1. List the DSSP H helices in chain B whose Cα atoms stretch 24 Å or more along the helix axis and whose mean Kyte-Doolittle hydropathy is at least -1.0.
2. For the residue pair residue A:204 and residue A:216, what label-to-label distance in nm results when each label sits 7 Å from Cα along the Cα-to-beta-carbon direction?
3. Run the quick spin-label model on residue B:30 and residue B:256: label points 7 Å from Cα toward the beta carbon, then report their separation in nm to one decimal.
4. When all alpha-carbon pairs of the protein assembly as shown are counted, what percent fall beyond 29 Å?
5. Through the Karplus equation 6.51 cos²θ - 1.76 cosθ + 1.60, θ set to phi - 60°, convert the phi angles of the range B:171-181 into ³J(HN,Hα) values in whole Hz; use x for Gly and Pro.
6. Considering the zone a paramagnetic label at residue A:185 would reach in this model (a point 7 Å from Cα along the Cα-to-Cβ line), which residues of the range A:117-158 have amide N under 18 Å from it?
7. Given B:262, B:216, B:226, which one lies farthest toward the positive end of the charge dipole of the range B:46-267, if we put +1 on the Cβ of every Lys and Arg and -1 on the Cβ of every Asp and Glu?
8. Which residues, if any, in the range B:1-23 lose at least 50 square angstrom of accessible heavy-atom surface (probe 1.4 Å) when the other protein chains sit next to their chain rather than the chain being alone?
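The values are calculated or read from the model by the stated rules, or taken from the named source; none is laboratory data. These numbers come from a predicted model, not from an experiment. Cβ atoms come from the backbone with ideal geometry, glycine included; neighbour counts cover every protein chain shown. Areas reflect the complete protein model, heavy atoms only, side chains present, ligands, DNA and RNA absent. Shrake-Rupley method; radii C 1.70, N 1.55, O 1.52, S 1.80 Å.
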Amino acid sequence: MPFYVSPEQVMKDRADYARKGIARGRSLVAFSATDGIVVVAENPSRTLYKISEIYDRIAFAGVGKYNEFEMLRIAGVRQADIKGYSFAREDVNARALANAYAQTLGQVFTHEMKPYEVEILVAQVGATQEDDELFHILYDGTVVDEQGFTVLGGEAERIIEVTRDRYTADLDHGGAVRLGAAVLSTDDTPLPAASLEVAFLDRSRTRRAFGRIRGDELTAILEAS
Amino acid sequence: MNESPLPFFASGDDPGASFVDLLRRVAPDHLPASDLGGGTRSTPFEVTHGTTIVAIRYADGVVMAGDRRATAGSTIANRRMEKVFPADDYSGVAIAGAAGPAVDMVRLFQVQLEHYEKIEGELLSLEGKANQLAGLIRANLPMAMQGMVVVPLFAGYDERRGHGRVFSYDALGGRYEEADFQATGSGGVHARNWIKAQWSEGMTRDDAVDLALRALFAAADEDSATGGPDLIRGIYPVVAVIDRDGYVAVPDADIAARANVLIGGREEGAGL
């Protein structure tokens with residue numbers, strides 16, 4: 001029985017543990033499109049969402065363990081609503097929220113019994129496409145400020161590989177939804193509407209930009225070309 | 001998780017979907033004042049008051065309207081005050097009474113409804129929203145006892161029942177559902193009488209908007225604290241319509257046109 005475990009080994013074990021947990025779930029992609037930000041997740045459930053509204057122009061998405069990212073989502077909504085109420089609605093931004101998430105995940109990763117098995121996305125739609133922000137936050141608190149698109153989940157490497165060739169900044173939201181359905185699929189057939197959860201931060205909306213695309217609307221978008 | 005900058009709570013202490021309970025735990029000083037302090041019986045200064053508001057049910061929903069005048073004693077404190085606000089996409093709230101606490105209450109109410117929607121992933125029922133507002137008025141009771149009474153109207157489209165509903169409140173947070181319409185504030189009696197004489201079941205949206213304007217006009221005619229249409233400055237009542245498609249503020253130009261017709265009619269001896 002070993003009496004000493006090196007910090008390197010502890011961190012590596014924790015990271016392996018978190019990565020394994022995340023790899024068990026399904027992946028999610030987010031794109032900055034001409035008319036807003038589109039998030040597409042493989043999720044057969046109609047009620048347990050991976051993508052949600054945080055504030056007027058900010059969305060949240062998570063992969064991995066549902067109860068863990070759901071807890072983070074609620075804390076984010078609370079943080080944003082308190083800030084918006086105490087100051088003004090325009091003072092709520094994705095960067096501050098991403099930092100708070102990063103600190104929280106970093107704390108849990110080093111101090112708690114087990115790390116969170118989650119990766120999360122904080123996305124903020126800007127006035128123009130150049131102002132769109134996609135913060136990808138890992139289980140250990142690492143924050144990546146992504147440009148154009150980002151992929152969360154165990155299959156990220158494969159999906160990034162196929163997305164890189166097909167994503168262009170001049171996609172509109174319909175094109176982004178179709179690209180998402182295609183790249184999340186492991187074979188050549190795009191995923192059907194029934195196994196997708198799609199949300200859209202609409203750049204043209206004046207206040208709450210978040211909306212879900214589902215049902216007939218989603219089917220129509222997937223069938224168009 | 002004590003080190004986290006995000007608000008987390010132990011399971012017994014979790015505020016759930018209530019924003020008011022959340023604020024009470026993390027930033028209680030940001031809640032609206034609930035007491036003037038010092039055992040004050042009444043304020044030593046003139047308090048700004050919002051005056052007349054109306055809500056009228058019609059065939060497809062409800063119309064809410066309010067005049068623009070705020071008074072402090074016998075002074076006009078504000079000519080452009082807005083007293084009708086969206087509570088969320090499918091309901092509105094109009095305020096009468098002490099303006100400061102009333103505006104705070106509306107702001108908190110709006111966040112409370114949106115917060116619930118985001119945390120729970122669905123809208124509160126219309127009845128649930130009406131009860132939430134009653135809770136906020138009840139929390140204002142110590143202020144009401146010191147003369148800072150807030151008496152809003154709440155109205156909205158009830159998606160589950162498929163028609164508009166109107167709720168009124170008393171200073172203690174008592175909540176009363178009105179069958180067809182209600183008007184409160186200093187000119188409320190005059191407005192209500194006018195509506196009572198003209199209201200009919202199944203009114204159209206246009207007729208209900210006109211009736212709301214006439215009722216406010218009647219109130220302004222009798223009550224010095226209620227402002228009528230101000231043609232010189234181009235200030236007209238705020239009117240909102242809430243139906244199946246949600247809350248829509250009627251554009252100022254539309255209200256101005258209607259007010260001018262109304263005033264024209266009066267000069268010819270019809271109406272008022």
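1. Helices passing the filter in chain B: B:99-120, B:205-222.
2. Label at residue A:204, label at residue A:216, 2.0 nm between them.
3. Label at residue B:30, label at residue B:256, 3.9 nm between them.
4. 58 percent
5. My calculation for the range B:171-181 gives 5, 8, x, x, 10, 10, 7, 8, 5, 10, 7 Hz in order.
6. Residues passing the 18 Å test: A:158.
7. B:226
8. Relative to the lone chain, where solvent access is computed with a 1.4 Å probe, the range B:1-23 loses at least 50 Å² at B:1, B:5, B:6, B:7, B:8.
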